[in-house]
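Here's the structure we're looking at; comments come further down.
The values are calculated or read from the model by the stated rules, or taken from the named source; none is laboratory data. Given the structure is predicted, the values throughout are model-derived calculations rather than measurements. We place every Cβ from the backbone using ideal geometry, glycine too, and count neighbours over all the protein chains shown. Areas reflect the complete protein model, heavy atoms only, side chains present, ligands, DNA and RNA absent. Shrake-Rupley method; radii C 1.70, N 1.55, O 1.52, S 1.80 Å.
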Amino acid sequence: MAGIPYRFERTADAAGLHQRYRELSPGQETDDEVAVAGRVMLVRRQGRIAFATLHDSSGQVQLFARQQVTGDFEAFTRLSLGDWVGAGGRVVKTNKGELSVLVERWELLAEARRSFGDKWKGVTDVETRFRQREVDLWANEGSRQVLETRSRLVSLLRHRLEELGFVEVETPLLHVIPGGATAKPFVTHHNALDMDLYLRIAPELFLKRLVVGGFDKVFEIGRVFRNEGLSPRHNPEFTMLELYQAYADYTDFLTLVEELVSGLALELRGTTVLSYGGRRLDLTPPWRRETMARLVTEATGKPASVHTPVDELRQRLAAAGGQVHEQWGPGKLLLELYEKTTEPDLWGPVFVTDFPAEVSPLARRHRADAELAERFEPIVAGRELGNAFSELVDPDDQRRRFEEQAAARVAGDEEAMAVDEDYLRALEYGLPPTAGLGIGIDRLVMLLTDSANIRDVIAFPTLRPERLTD
RNA sequence: GCGCCUCUAGCUCAAUGGCAGAGCAACGGACUCUUAAUCCGCAGGUUGGGGGUUCGAAUCCCCCGGGGCGCACCA
């Protein structure tokens, strides 16, 4: 583009100016020269003077142009809403008390060829907001703040984990066998090897192989991919924190989760008592801990556990409106009954503990009851925030669980796991007692920014393409 | 995948079977302290796409597409 400079030397931002010149009185002028840059959002011409509101990432400040002092004054008054400019001049406060840069020289840094939204109402159309996120971020202050909060949250989390001695690692996104969770994967193809590969549905198995290799505290924050439906709480690619700690069990992670989440609330919101969707959410530790069996018993008014006769569980699930499959054992039936009757009414925060072993193929059996797993899910604001367990370390038991999964897969369960021989071999080298935890970062950001839709916390959420005709 | 709702100017919205409109933005002009400035003027549309009913369709019906919410699946 002709006339567009390659760089602009900025010496101040809007927030910094307001901070520094708070005490300036109306009409007062300084001799301080500054250079600011950003997007012009409003221009008010007043004959031989003009005012423009300049937005930068820190806030906004007024540009004050005068025919006598401003270079190319006529062109300045013709700036359009959305144009990027860099402007230099002295800091002044107008007679009406608005902090301004009295523009002496300025440069157009980019032209807005497309006009921005309504200057008062912004852009509210949900489709436009997510398809043209760049417009949403400029037009709607709140949209940008959510993403800034997300950035701070991830940074705080990372630093906190490093303080605790965890080492950040990166494991493959392309998997030969999608493992570590039960979900449908995306498939892709490697040409040179002529083989299908899967985008990971979880980093779990590789992280535990690193523990086998001697990393006793590891974590990964990264994208995972699940080929499932979209909803206000589901995006096909989302960000997960997974961490593993050797010599620990799932009880250690109860307190870790409480402390991490309430600590983030304190840092980002200044309190552990939040409001989410208009409803009170008290994240102050300790959180309630309750077994799944007890919660289901409480919710249905009738004892239920993995030891309840299968026929009774089937009957009760059917009565609750659930589908019943012949091959389901008591563990799966109890989980379904929990999801039908109990989970929808949980608000939390609450740790739901001791899931059936049948539905926890990577978790270690409960030390007090072999039909249960040492596993919990934190439920916060009515949704699963994560998943944690004492890791299954016995290669023989792991093989049996994989084989049960493989059988379910053959029977038609598309989400069941496959036998991962590489992982079994790693276990045979010895995985020490280890606790593992996964937390959905997007959902955590939703909680702490009071966002109702996961798309609000993802810069570019997955959308069906607009079928542009050619 | 199924159900309900929705799509009108760049943006935010009117018009419920009878001439497609307003505000803001854009464009032209006036104005020496504005704050969504104000004032004057000008332009802007295949009403998401296609078909049907009707003398007449943004409006009613059908098909297709995008989006939202719910269900299902899951974090």
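For the reader, a short list of remarks on this structure follows.
- Theoretical ellipticity at 222 nm over chain A - DSSP helices of four or more residues, -39500 (n - 2.57) apiece, nearest 500: -9000 deg cm²/dmol
- Residue ranges A:215-221, A:18-24 sort as A:215-221, A:18-24 when ordered by packing (mean number of other C-beta atoms within 10 Å per residue, highest first).
- Cα-based convex hull, the range A:320-470, per residue volume (Å³, whole number): 201
- Reciprocal mean inverse distance between Cα atoms of the range A:31-175 - Kirkwood radius, Å: 17.7
- Here the accessible area is traced with a 1.4 Å probe on the protein chains. For chain A, carbon and sulfur cover 48 percent of it.
- The heavy atoms of A:THR171 present about 20 square angstrom of accessible area, all protein chains included, probe 1.4 Å.
- Between A:SER58 and A:LYS96, the contour length at 0.36 nm per residue exceeds the alpha carbon distance by 11.4 nm.
- Over the range A:252-302 - Rg/Rh using Cα atoms and the Kirkwood inverse-distance radius: 1.10
- Distance in nm between pseudo-label sites at A:ASN453 and A:SER25 (7 Å out along the Cβ direction from Cα): 5.0
- For the range A:436-442, the Karplus equation 6.51 cos²θ - 1.76 cosθ + 1.60, evaluated at θ = phi - 60°, returns couplings of x, 8, x, 10, x, 5, 4 Hz by residue, with Gly and Pro reported as x.
- Between the beta carbons of A:THR255 and A:ASP394, assuming R0 = 30 Å, the FRET efficiency works out to 0.70 to the nearest 0.05.
- Separation of alpha-carbon centers, the range A:56-113 and the range A:406-464, rounded to whole Å: 50
- Stokes-Einstein D for the range A:228-387, Kirkwood Rh over Cα pairs, 20 °C, 1.002 mPa s (µm²/s): 126
- Whole-Hz Karplus values for the range A:251-266 come out as 5, 5, 7, 4, 5, 4, 5, 3, 6, 4, 5, 5, x, 5, 4, 5 Hz, taken residue by residue from phi with 6.51 cos²θ - 1.76 cosθ + 1.60 and θ = phi - 60°; glycine and proline positions read x.
- For the residues A:ARG66, A:ARG78, a 1.4 Å probe over the protein chains yields an accessible-area ranking, largest first, of A:ARG78, A:ARG66.
- All C-alpha to C-alpha distances of the range A:123-214, sorted into 10 Å bins beginning at zero, yield P(r) values of 14, 23, 27, 29, 8, 0 percent in whole numbers.
- Highest mean packing comes first when the peptides A:193-203, A:377-387 are listed by Cβ atoms within 10 Å, giving A:377-387, A:193-203.
- Computed Kirkwood radius, in angstrom, where 1/r is averaged over Cα pairs of the range A:14-110: 13.0
- Rg over Rh for chain A works out to 1.09, both radii taken from alpha-carbon positions and Rh defined as the Kirkwood radius.
- Taking only the C-alpha atoms of the range A:34-73, the Rg (one decimal) and the largest Cα-Cα distance, Dmax (whole number), read 10.5, 30 Å.
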